[in-house]
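*Asks:* After the structure tokens below, expect a handful of questions from me.
Nothing in this text is a laboratory measurement; each read-out follows from the coordinates by a stated rule. Note that the structure is a prediction, hence the values are computed from the model and not measured.
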Amino acid sequence: MIYIGNDHGGLELKNEVLQYIKNDLKLDITDMGCYDNSSVDYPDYAEAVCAKVLENKATGILICGTGIGISIAANKINGIRCALCHESYSAEMTKRHNDANVLALGGRVTGPELAKSIVKAFLISEFEGGRHQKRVEKITKLEK
Ligand code: RB5
């Protein structure tokens, strides 16, 4: 399962990405809001999506205007490794090397077609383990 959340700055891109994941990738996704243009606080959506990610060992996608605030908020939560990506190479590598469980995008930064390629790269890539395992474990230690 994939959980997606956004603030007002990420609403338009969220709607594009949501349709792409449902209709083109044919994957299950739950939209945790927000659902309209009213001004909201991105940490609330980071918190809601990340709780689902941790509870269900799932994948999250978070979108705010720049992707920065929502990724900072997400990375405060133990067990969350959130990567803000602007191109698909980083999206692939953050899965393969960092075992990222949440992808962040900037709705006012990244256009819909580029965002779709980033999302696809993130969703189809897998953690490689091996030498990267102990590095991820060291990140987890920093949470303590
Ligand atoms: C909201 O205006 C904006 O600050 C937010 O979407 C995000 O860009 C914060 O990092």
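*Asks:* Whole number please: convex hull volume per residue of the Cα set in the range 36-78, in Å³?
*Replies:* Taking only Cα atoms, the range 36-78 has a hull volume of 70 Å³ per residue.
*Asks:* Turning to a different aspect of this structure: Which entries of 52/141; 57/116; 76/144; 57/144; 76/138; 95/120 have Cα-Cα distances beyond 18 Å here?
*Replies:* Among 52/141; 57/116; 76/144; 57/144; 76/138; 95/120, the Cα-Cα distance tops 18 Å for 52/141; 57/116; 57/144.
*Asks:* Which one, 39, 125, 88, has the greatest fluctuation when you compute a Gaussian network model over the chain with C-alpha springs under 10 angstrom?
*Replies:* 39
*Asks:* Mind checking which of 105, 123, 54 has the largest fluctuation in a GNM of the chain, springs on alpha carbons under 10 Å?
*Replies:* In the Gaussian network model the winner is 54.
*Asks:* For the chain, with a Gaussian network of springs between Cα atoms less than 10 Å apart, report the residue from 67, 129, 33 with the top mean-square fluctuation.
*Replies:* So, out of 67, 129, 33, the one fluctuating most is 129.
*Asks:* Now, a different point. Please list the equivalent ellipsoid semi-axes of the range 66-144, computed as the square roots of five times the alpha-carbon gyration tensor eigenvalues, in descending order and whole angstrom.
*Replies:* 22, 16, 7
*Asks:* Please report, to one decimal in angstroms, the Kirkwood hydrodynamic radius of the chain built from all distinct Cα-Cα pairs.
*Replies:* Evaluated over the chain, this radius sits at 14.8 Å.
*Asks:* Continuing with the same structure: For the chain, calculate the relative contact order in percent as a whole number, restricting contacts to Cα pairs under 8 Å that are 6 or more residues apart.
*Replies:* Relative contact order here is 24 percent.
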